[in-house]
Structures are given as C-alpha cells and as structure tokens.
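What follows draws every value from the coordinates through simple rules; no lab data is involved. Note that the coordinates shown come from a computational prediction; the quantities given were computed from them, not determined experimentally. Here the Cβ positions follow ideal geometry from the backbone for every residue, glycine too, while neighbour counts run over all protein chains shown.
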Amino acid sequence: MGFVGDLWAKQHGRQLMLSATAFGASAILFMVSVYQLMFLQSDADWGDYTGAAIGMIVLSSAILIIATPEFLNLRGHVNLLAELKEIESTSELKRRKSEGDEAAKILGAGHAEAWDDFLVEKGLKKRK
C-alpha cells in the first residue's frame, strides 16, 4: 500500500478532520497568494514577496489537488449519514441501512458510534 497509504490508514477516524484542515488551510494560502500576485505585486512594501507567493501557489495547489478529492469523498459520507437519519420510513431505512453502515465504517470514530446509536433507537439493531 505504500508509506503514505499506511500512514493515512493509521489515521482512521481522524481522516475527515485532517483532510478538512488540509483543504481549508491550503485554500486560504492559495487565495492569499493569488491576492498578492494580483494586487500587491507592484506595491513597494509587498513587491518583495512575489517569489514567495508564487512558491506558495505551487505548494497550495499541490496540497489542494491531493486533499480536495478525499475531503469531498469523506464529506459525502457525512452527508449520506445525515440524509439517512432524516428518513422516517422504517422500510426505507432498512433498505438503505447497508449504505449507512459502509459510510460509518469509512468515517470511523464518533460517526460509527452515532450511527449505531441511531439504529438502536430506530429498532434496527440490538444494543451490544
């Protein structure tokens, strides 16, 4: 699986927080760097930072390319669990339970526990 894959797998349960942080921080860094290039490059006080801004655009773009798909994928699982918790029909919930189980398993940590508690509350799972 490789070093990065093993490292990422060891972070199970914290992946959403880590990917959201990487996505948010790199998006902010990217926007600030673009602002510097567009508006502050010719300013006497800020002109010296043009090289650093170009470097930060390259770095933040690379991080965004890596972090954005994972963040959106994990966020989609969170949204799926929220959608399933809104379902009133027990038969519909039974039909889609496996989707929720998979999403909770992927997200891990508190999401899996909250999903199990929800299923117990709805009578679709027995308490352990």
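Using alpha carbons only, how many degrees (0 to 90, rounded to 10) separate the axis of helix 90-107 from the longest principal axis of the chain? Rounded to the nearest ten degrees, it is 40. Taking the helices alone, the chain has a mean residue ellipticity at 222 nm of -25500 deg cm²/dmol, built from -39,500 (n - 2.57) per DSSP H run of at least 4 residues and averaged over all its residues.
Pairs of Lys residues in the range 3-121 that lie 8 or more places apart, or on two chains, and have C-alpha atoms under 16 angstrom apart add up to 5. Name the residues of the range 114-128 whose amide N is less than 14 Å from a point 7 angstrom out from the Cα of Lys97 along the C-beta direction? Under cut-off, by backbone N: 115-128.
Once the Cα atoms are used to define both axes, helix 15-35 deviates from the longest principal axis of the chain by about 30 degrees. Taking the Cα centre of the range 33-89 as reference, the dipole from Cβ charges on Lys and Arg (+1) and Asp and Glu (-1) amounts to some 160 debye. Taking a Cβ cut-off of under 12 Å around Ser91, the surrounding Lys, Arg, Asp and Glu residues balance to a net charge of +3, with basic ones at +1 and acidic ones at -1.
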